[in-house]
Structures are given as structure tokens and as C-alpha cells.
Amino acid sequence: IGYLGLSMLIMNALAPAVAEPIAEHFGWRVVFFGAGCLVLASFFLISGLPAEKKEVATETHGESQWSPRLLAIHYGSFLMGSGIGVMFTFTQPFALSQGATRVGDFFFGYVAAAVLVRTLFAELADQRGATWVASRALALYACVVALTAWLRPSWMIPLGLGIGVSHGFLYPSLTAAGLSGLSSTSRTAFMGWFSSVFSLGYALAVLALGPLADRLGFPTIFLVAGFWLATGVLPLAWSHRAHPAARES
């Protein structure tokens, strides 16, 4: 999961760095056509992977998928998706409206910080507890999103660094917190729900806050999103205190 996340993070930095010069010289059609060809190539690569062998389930015990602890984890994933949706969708047009000429620096800061956190501080969740790290990372996430309401063009790299640090800690620690206490036969289902609510949070944040940005401006939606993310901090903190097993993931 960690290596998969890093590969996606790296592409968040490479894509703008490569796309912007290509768009300047050849136009946006070439950029999107090239991206589509890369996606098609990945489809054929994935199709060639060998099929996995089905394993006989030997464990039947474990925590329920709908326990209060896992509901708190899923709500955290929903908010994490909302936060990244807001930052990735609205930061760029807001920065351009403030006079910025390049937005790729935001993604460079984001990727650099997230990769640094996931490589140098990978054991922090094991030492302090996954939900302990996740609750504090979500609090930082909420603060960074809210502070974007005062965005200036010179803030692109610092904002990227802030989101990179918070997301870099939050995603793996929240995933580990959810997987702890589950049987091996329940983990695939958990990851399915975890990813689904993340995507749902991303979509709903964009759909709900887009019209609000038209009416009230970009600063308002970042403040709303920041307070929205903050509502998940206490449930995660409660989960850490109420379930000692989760602290030993």
C-alpha cells in the first residue's frame, strides 16, 4: 500500500511538470491525448498480470466492518477525500485569480513533503499508534485547508508542503488503523469501503462547494472545508483511547 501510494504521489508532481511545457508548445489536446494513451497502455499492462490463486479462508474471527471504531476510520477517509478534492480542484483557479502564472509548484511541494514523511517517518504510527497519528494529521489537514482562504501566489509551495505532510501521515496511518483488528478475510472488504468513501468525499466536496465558490468566492469554500475536516478529529481521538488494540497495529 505504501509503495502504491508513493507511485501515485510521484505522478502528481511529474504530470504538471511535463504537461505545462507540452501545452505551451503544442496545445492542450496533445496533453490529454498523450495522457489517454498512457492510461490505455497501463490497461494492457495490468491485463497481462497473472491471476491470483484463491486462498482458503482460515480465520473467521475479527472486528465487524461496521463497528464504531471502523465507522470513525471510514469517516476520516471520507474527510480525507474531501480535503484533497478541495485542494486539488479549487487551489489552482484561486491562485490564477490571485495573479499566479504557474500552479505546478503546489504539486511539487505536496509530493516532496509526502514522500519525505512516508520514507523517513514510516515507523511513527507503529511507535505512537496509528489512530494517534491519524487524528493529529487530520487536525493539521484541516488547518492547512482553512488557511488556503488567504492564498497568495507565493504560498503555492508552502501550501503544497502542508498538504503533503498532513496527507503523507494521514493516509497510511488511517489505513493501518482500519486494518488492525480485522481478520485476513475482512481486510479486502475494508479496503474497498475505505477507498469508496474516500472517492465519495472527493466527489461530494467538489459538487457541493463548486456552486458555493461561484456565489461566495474561493475563500469561503476553503474555510467551510477546513471546519468540515475538523469534525473528524474527535472521533479518531476517541477511537484511539477507546480501543487499545488499535494502538498496537
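The values are calculated or read from the model by the stated rules, or taken from the named source; none is laboratory data. The shown structure was predicted, so the numbers you read here are calculated from the model rather than taken from an experiment. Note that each Cβ is placed from the backbone with ideal geometry, even for glycine, and that neighbours are counted across all protein chains shown. The area values use the complete protein model at the heavy-atom level, side chains included, leaving out ligands, DNA and RNA. Shrake-Rupley method; radii C 1.70, N 1.55, O 1.52, S 1.80 Å.
Filtered by the rule that a residue be hydroxyl-bearing (Ser, Thr, Tyr) and either open to solvent by 10 Å² or more (accessible area, probe 1.4 Å) or out of contact with any helix residue (DSSP H, G or I) (no Cβ under 7 Å at 6 or more places or on another chain) (or both), segment 172-190 gives 180, 183, 184, 185, 186, 188.
Being open to solvent by 20 Å² or more (accessible area, probe 1.4 Å) and modelled with pLDDT under 90, is that true of even one residue in segment 71-90? Scanning segment 71-90 turns up no residue that is open to solvent by 20 Å² or more (accessible area, probe 1.4 Å) and modelled with pLDDT under 90.
Keeping to segment 115-158, report how many residues are out of contact with any Leu (no Cβ under 7 Å at 6 or more places or on another chain), in a helix (DSSP H, G or I) and among the hydrophobic types (A, V, I, L, M, F, W, C). Looking only at that region, the number is 15.
Based on this model, can you work out whether residue 39 counts as modelled with pLDDT of 80 or more, surrounded by fewer than 10 Cβ atoms within 10 Å (Cβ to Cβ) and among the β-branched types (Val, Ile, Thr)? For residue 39, the condition - modelled with pLDDT of 80 or more, surrounded by fewer than 10 Cβ atoms within 10 Å (Cβ to Cβ) and among the β-branched types (Val, Ile, Thr) - is met. For segment 140-154, check the following and say yes or no: at least one residue is closer than 19 Å to residue 86 by Cβ, open to solvent by 70 Å² or more (accessible area, probe 1.4 Å), at pLDDT 85 or above and basic (Lys, Arg). Yes, some residue in segment 140-154 is closer than 19 Å to residue 86 by Cβ, open to solvent by 70 Å² or more (accessible area, probe 1.4 Å), at pLDDT 85 or above and basic (Lys, Arg). Scanning segment 95-114 for residues that are assigned to a helix (DSSP H, G or I), touching a helix residue (DSSP H, G or I) at 6+ places or on another chain (Cβ under 8 Å), surrounded by fewer than 21 Cβ atoms within 10 Å (Cβ to Cβ) and at pLDDT 85 or above yields 97, 112.
Within segment 215-241, being more than 21 Å from the chain's Cα centre (by Cα), touching a residue at least 60 places away in the same chain (Cβ under 8 Å) and over 21 Å from residue 91 (Cβ atoms) holds for one residue alone: 238.
For the condition part of a helix (DSSP H, G or I) and without any contact (Cβ under 8 Å) to a residue 60 or more places away in the chain, what is the one hit in 212, 174? Working first, answer last.
Working: 174 fails: without any contact (Cβ under 8 Å) to a residue 60 or more places away in the chain.
Just a single option satisfies the conditions, and that option is 212.
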